[in-house]
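Just below is one structure, and these are the notes that go with it.
The values are calculated or read from the model by the stated rules, or taken from the named source; none is laboratory data. Just so you know, these numbers come straight off a predicted model, no measurement behind them. Note: ideal-geometry Cβ built from the backbone for every residue, glycine included; neighbour counts use all protein chains shown. Accessible surface areas use protein heavy atoms only, side chains included; no ligands, DNA or RNA. Shrake-Rupley method; radii C 1.70, N 1.55, O 1.52, S 1.80 Å.
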Amino acid sequence: MNITVNPPESAPALVVEGLSKHFKVKKRAVQALDDVSLYVKRGTVTGLIGPDGAGKTTLMRLAANIYLPDT
């Protein structure tokens, strides 16, 4: 039996609530993301803009399940 689940058109493409991530760099903790919440509507173009070290890549790696969140 094959079951195909298609989300409704109104379903968000990405929902993030209370996301936090830290790393240990040279024996000190670095907070990459602290309590981030994000809602991205399906069918929209969304950009992440910020300076180096702001957590943009960390957020995308968490969304892609490459990293595991702390909270």
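Quick check: at a probe of 1.4 Å, how many percent of the accessible area of the chain sits on carbon and sulfur atoms? Walk me through the intermediate numbers first.
Values: 3240 of 5990 Å².
It is 54 percent, rounded to a whole number.
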Residues with amide H under 5 Å from that of His22, placed H, sequence gap 5 or more:
Ala32, Asp70
At a Förster radius of 25 Å, what calculated FRET efficiency corresponds to the Cβ-Cβ distance of Asn65 and Thr44, to the nearest 0.05?
0.70
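At 1.4 Å probe radius, can you tell me the per residue accessible area of the chain in Å²? Walk me through the numbers before you get to the answer.
Details: 5990 Å² over 71 residues.
Accessible area per residue, the chain: 84 Å².
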Expected vector for segment 59-71, Karplus 3J(HN,Hα) from phi with 6.51, -1.76, 1.60 and θ = phi - 60°, integer Hz, x for Gly and Pro, equals 4, 5, 5, 5, 5, 8, 6, 7, 9, 9, x, 6, 9
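Viscosity 1.002 mPa s, temperature 20 °C: what is the translational diffusion coefficient of the chain from Stokes-Einstein with a Kirkwood Rh over Cα pairs, rounded to a whole number of µm²/s?
On the way: Rh = 14.1 Å.
Answer from the Stokes-Einstein relation: 152 µm²/s.
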